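Notes follow once the structure below has been shown.
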Amino acid sequence: MRPELFQIFGVPVYAYRTLLAFSFVVCTLLAVRESRTRPGGVGLSPLVGIWAMFGALIGAHGFYILQYGSVFDLWRAFFVWEGGLVFYGGLIGGVAAAGSHLALRKVPYLNGADSAAPYVALGEAITRVGCFLNGCCFGEVCRLPWAVTFPAHGPAFDAQVGAGQLAQGAPHALPIHPTQLYMTFGLIAVCLLLKRALVRPRPAGMVFFGYVFLYGLLRFLVEMVRGDSARSVWGLTVSGAISAAFVAVGIAALAYFLRRPRSLPE
C-alpha cells in the first residue's frame, strides 16, 4: 500500500486521486483523437471529458451513498471530496453527462460513444492501480502464487479482523486475490480489443455495446473473488448483479447489430 505518493510543501498527493485525474485527462485526449481519425468518426471536443468527469464523480459518490448509506443523504452526492466512490455510479453519471454535452452540440451519441469506449476501459485500468496502492477494492483470502499481502490496519486487514479471520495483533493481513490488478490487466485487454474493432466502419453503437458486454463479463468474474462487498443480491455483490445485467444487455445489443446489414456509422 502507498495511498500517499509524496508531499509538496507539506500537502499530501494521494495515489488514487492522482491516477483518477491523470486517467481522465489522458483518456479524454485519446478519445478525441480517435474520434477525429477513425473511419466514420465524428470529431469530439475535449470539453466532453470535463462534462464526463463531473458527471462521473457525482454519480460515483451518489451510488456510494445509496449502497452504503441512506437515500435521504443523496443530496450529499455533490460533496465528492468526502470520499466514497462506486464505479458503476460513475459510469452512469459520466455517460449521462457526456450524452448531455453531445446532445447540446448535436453530435451523434452512439458514434461518439464508440470512439470513447476503448479509453473508458483504459481510464479505469489506470485508476485501478490507484485502488491497489490505496488498498481498497481488495479480494478474498487465497493461497495462490500471485496472492498479495497488505500491511496491518489497512482496509483488507481491518475487514479480516472484523470477520474473525485474523487477530488484531497480527503483523499483516492474510494473502488475498489482487482483484485491483485483475481489473487492470483485464481492462487493458478490453481496450485493445475495442481499439481493434474501430479499425473498420461498423454500425454506430456496436463498439460501445461491445464494451458493455466485455466489461460486464470481466467485472462479474472478478466480483466472484472480491472480499470487500457483501453478497446481498441473490448471492452476488451489488456490482456483480449489475455486471450480469451488463452482460445480458451487451449480448442482446450485439445480436441485434450482427443481424443488421453492414453500414457506416451514423
Answer yes if at least one residue in the range 75-83 is over 18 Å from the mean Cα position of the chain (by Cα) and over 26 Å from D228 (Cα atoms), and no otherwise. no
Failed condition for A167, given (1) of a type in the set (A, V, I, L, M); (2) in a helix (DSSP H, G or I); (3) touching a helix residue (DSSP H, G or I) at 6+ places or on another chain (Cβ under 8 Å); (4) surrounded by fewer than 19 Cβ atoms within 10 Å (Cβ to Cβ), with all others met? (2)
I want to confirm something. Restricting to the range 133-145 and keeping residues that are assigned to a loop (DSSP other than H, G, I, E, B) and within 23 Å of the chain's Cα centre (by Cα), which single residue is surrounded by the most Cβ atoms within 10 Å (Cβ to Cβ)? F138
Within the group I242, I251, I188, I176, which residue is surrounded by fewer than 17 Cβ atoms within 10 Å (Cβ to Cβ) and either over 26 Å from D114 (Cβ atoms) or in contact (Cβ under 8 Å) with a residue 40 or more places away in the chain (or both)? I188
Out of curiosity, is A156 modelled with pLDDT of 95 or more and part of a helix (DSSP H, G or I)? no
Let me spell it out: the conditions are (1) touching a residue at least 60 places away in the same chain (Cβ under 8 Å); (2) in contact with a Ser or Thr (Cβ under 9 Å, 6 or more places away or on another chain); (3) of a type outside the set (A, V, I, L, M), and G210 meets all of them except one. Which number is the exception? (2)
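The values are calculated or read from the model by the stated rules, or taken from the named source; none is laboratory data. Since the model is a prediction, treat every value here as computed from it, not as a measurement. Using ideal geometry, Cβ is built from the backbone for each residue, glycine included, and neighbour counts are taken over all protein chains shown.
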